[in-house]
1. Would you mind telling me which numbered condition in (1) open to solvent by 60 Å² or more (accessible area, probe 1.4 Å); (2) β-branched (Val, Ile, Thr); (3) within 16 Å of the ligand (Cβ to nearest atom) VAL62 fails?
2. Could you look through segment 221-246, keep only residues that are among the charged types (D, E, K, R) and open to solvent by 70 Å² or more (accessible area, probe 1.4 Å), and pick out the one that is farthest from TYR35 (Cα to Cα)?
3. State all residues of segment 101-125 that are under 16 Å from ILE243 (Cα atoms) and either under 15 Å from the mean Cα position of the chain (by Cα) or of a type in the set (Asp, Glu) (or both); if no residue qualifies, say none.
4. Out of the residues in segment 117-135 that are in contact (Cβ under 8 Å) with a residue 24 or more places away in the chain and near the ligand (Cβ under 7 Å from one of its atoms), state the one that is farthest from GLY88 (Cα to Cα).
5. Can you find a residue in segment 184-202 that is within 16 Å of the ligand (Cβ to nearest atom) and open to solvent by 20 Å² or more (accessible area, probe 1.4 Å)?
6. I need the full set of residues from segment 247-262 which are open to solvent by 60 Å² or more (accessible area, probe 1.4 Å) and out of contact with any Gly (no Cβ under 9 Å at 6 or more places or on another chain), in order please.
7. Would you mind finding the one in ASP173, ASP146, ASP137 that is among the acidic types (Asp, Glu) and surrounded by fewer than 17 Cβ atoms within 10 Å (Cβ to Cβ)?
Amino acid sequence: MTQEFHTTTRFQLGFQVFLAILVAISAVSAQAVEYLSGIEWPEPAVVTPGQKNSQPPSDAVVLFDGKDLSGWENGENWSVENGDAVAGNGTITSKAKFGDCQVHIEWSAPTPPQGEGQGRGNSGLFLMGTYEIQILDSYINKTYFDGQAGAIYKQTPPLVNAMRPPGKWNSYDIIWTRPRFGADGSLVSPAYITAIHNGILILNHFELQGNTPYSTPPSYTAHAERLPLTLQDHGNPVRFRNIWVRDLKPIVGKRVRPPYTRDGETGKETDLK
Ligand code: MG
């Protein structure tokens, strides 16, 4: 046993040394030639996250933090109960306007549930006041699929149904790319949306066909680069909390030379064609 143990140990040690040498060789060869893009990047801004991912990071515009709806037109006509905003008495419209943005919003369907289909826990978040991602109690509540929670209304169902039961909190984390219009009002590029419902991807860079009306096909009409968010009152006391938005700007680098490689040993730089 002892002899066998020692043999095994020596073999393992030998193998570990061999591995270490292999790693060292590959590290050196990885350093030998480095690819560089030739682009000078600005340093990404530091953003301090919230204590939890549901809480606003340092660069967010907070639209509702449990206190009041002063950030919304018509907000005074909704009620705030125990830190939750409760839908009622008309649609509310954010005073702040947004273009490309990241939206976090939490909502809870009324309990006990009342009504069925589109009549149960219906609200909706309208990006740019125009493009609705459906808010609905879709927990064991059948309706047309492109009208259930997480649908882009009348354009696509969500990829999956990630609903929590009535009374529990749902979250949407949304990445919104606004449509672009030419000076003549023509569509240059459509809107795109990515959405995560309760941590689950439900819309993956979905290309919108236009607005989201009930009785007419979707279409685009040129509009401003920044517009408010609206929250729908559909006659159901849906509750909301933790609503915040971040403006999204691309990080833009400056090309200072063509892509190139640098030899780690000689320092020789070679432009790539
Ligand atoms: Mg709705």
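1. (3)
2. Here the answer is ARG241.
3. CYS101, GLN102, VAL103, HIS104, ILE105, GLU106, LEU125
4. Pass one, segment 117-135, residues in contact (Cβ under 8 Å) with a residue 24 or more places away in the chain: 117-133, 135.
If we keep only those that are near the ligand (Cβ under 7 Å from one of its atoms) as well, we get 122-124, 132, 135.
Values: ASN122: 11, SER123: 10, GLY124: 13, GLU132: 18, ILE135: 14 Å.
Result: GLU132.
5. Initially, segment 184-202 is screened for residues within 16 Å of the ligand (Cβ to nearest atom), giving 193, 195, 197, 202.
Subsequent filtering for residues that are open to solvent by 20 Å² or more (accessible area, probe 1.4 Å) retains none.
There is no residue in segment 184-202 that is within 16 Å of the ligand (Cβ to nearest atom) and open to solvent by 20 Å² or more (accessible area, probe 1.4 Å).
6. Hits for segment 247-262 are LYS249, PRO250, ILE251, VAL252, LYS254, ARG262.
7. Details: ASP173 fails: surrounded by fewer than 17 Cβ atoms within 10 Å (Cβ to Cβ); ASP137 fails: surrounded by fewer than 17 Cβ atoms within 10 Å (Cβ to Cβ).
Within the list ASP173, ASP146, ASP137, the selection yields ASP146.
The values are calculated or read from the model by the stated rules, or taken from the named source; none is laboratory data. Quick caveat, the model's predicted, so the values are computed rather than measured. Don't worry about glycine lacking a Cβ; one is built from the backbone with ideal geometry, like all the others, and counts go over all protein chains shown. Keep in mind that these areas ignore ligands, DNA and RNA; they rest on the heavy atoms of the full protein, side chains included. Shrake-Rupley method; radii C 1.70, N 1.55, O 1.52, S 1.80 Å.
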